[in-house]
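J.: Input: one structure, supplied below.
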Amino acid sequence: MVRHLSRLALIVLTTLPLMAFRMPAAEEVREKLLYDVRGAFVTARPSVSQGLVIATDMLVDEAIRSTVRSTMLPRTIISVRIDETSQTPLIVGSRHGAKVTVKVISLASGEPIAEGAFKASIFLLDGGEANKELAEEIADRIAGEFRLNGAPRPTVASALFP
């Protein structure tokens with residue numbers, strides 16, 4: 001009998017701390033650190049096509065201008081640097097890629113508060129529109145990360161299912 005009571009007490013004592021632990025509900029998932037992006041500038045090395053830099057700058061600025069925040073957030077600007085681009089010929093078409101570094105700079109202090117890097121790549125059968133397509137890929141990635149309201153680009157799925 002004493003053995004049974006001691007087991008019961010041990011179970012109760014071990015479950016009490018676990019009962020205090022609670023997983024957050026799906027609605028309570030914390031949002032990523034979000035900023036009120038007020039502007040952006042795109043730079044690149046001299047070896048990077050100027051058409052890619054200009055197209056990326058225009059698309060990112062368009063996404064920033066179309067974004068309206070309902071809550072007060074830290075005001076920032078972003079610096080986008082296209083470090084390098086590459087083109088890999090394939091049997092059919094080619095793959096175009098870019099390495100991009102993004103810095104978030106506070107307007108209040110002028111100090112960088114976040115930095116990240118990513119690679120963007122696209123596959124094209126014809127390389128004529130490579131700069132435009134790669135710029136759209138880079139701008140879409142930036143708009144997604146900073147939750148900017150850029151106009152969504154038409155895709156095959158949106159063309160098939162309006």
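The values are calculated or read from the model by the stated rules, or taken from the named source; none is laboratory data. Owing to the predicted nature of the structure, the values given are computational and were not obtained by experimental measurement. No Cβ is skipped: glycine too gets one built from the backbone with ideal geometry, and neighbour counts run over all protein chains shown. Note: areas computed on protein heavy atoms with side chains; ligands, DNA, RNA excluded. Shrake-Rupley method; radii C 1.70, N 1.55, O 1.52, S 1.80 Å.
J.: Being part of a strand (DSSP E or B) and touching a residue at least 40 places away in the same chain (Cβ under 8 Å) is the filter here; which residues of segment 101-110 pass it?
T.: Initially, segment 101-110 is screened for residues part of a strand (DSSP E or B), giving 101-106.
If the condition is that a residue be part of a strand (DSSP E or B) and touching a residue at least 40 places away in the same chain (Cβ under 8 Å), then 102, 104 are the ones that fit.
J.: More than 22 Å from residue 50 (Cα to Cα) and touching a strand residue (DSSP E or B) at 6+ places or on another chain (Cβ under 7 Å) - does that describe any residue in segment 75-91? Write out each step before concluding.
T.: First pass over segment 75-91, keeping only residues more than 22 Å from residue 50 (Cα to Cα): 75-76, 90-91.
Filter once more, so that each one left must be touching a strand residue (DSSP E or B) at 6+ places or on another chain (Cβ under 7 Å): 75-76.
Within segment 75-91, one or more residues are more than 22 Å from residue 50 (Cα to Cα) and touching a strand residue (DSSP E or B) at 6+ places or on another chain (Cβ under 7 Å).
J.: Shifting gears a bit: Only residues that are open to solvent by less than 60 Å² (accessible area, probe 1.4 Å), touching a residue at least 40 places away in the same chain (Cβ under 8 Å) and over 16 Å from the mean Cα position of the chain (by Cα): list them for segment 58-84, please.
T.: Scanning segment 58-84 gives a single hit, 66.
J.: While we're on this one: How many residues are within 16 Å of residue 44 (Cβ to Cβ) and modelled with pLDDT of 90 or more if we restrict to segment 107-130? Explain how you work it out, then say what you get.
T.: Here is the first cut: in segment 107-130, the residues within 16 Å of residue 44 (Cβ to Cβ) are 117-120, 130.
Imposing the further condition that a residue be modelled with pLDDT of 90 or more reduces the set to 117-120.
Looking only at that region, the number is 4.
J.: Consider residue 19 carefully, then state whether it is assigned to a helix (DSSP H, G or I) and modelled with pLDDT of 80 or more.
T.: no
J.: A further question on this structure: Pairs only if they're at least six apart or on different chains, beta carbon under 8 angstrom, first in segment 87-98 and open to solvent by 90 Å² or more (accessible area, probe 1.4 Å), second β-branched (Val, Ile, Thr); list them, first residue then second.
T.: What qualifies is 95/88; 95/122.
J.: Tell me which of these residue 137 doesn't satisfy, since it passes every other one: (1) modelled with pLDDT of 90 or more; (2) open to solvent by 80 Å² or more (accessible area, probe 1.4 Å); (3) of a type in the set (Asp, Glu); (4) within 17 Å of the chain's Cα centre (by Cα).
T.: (2)
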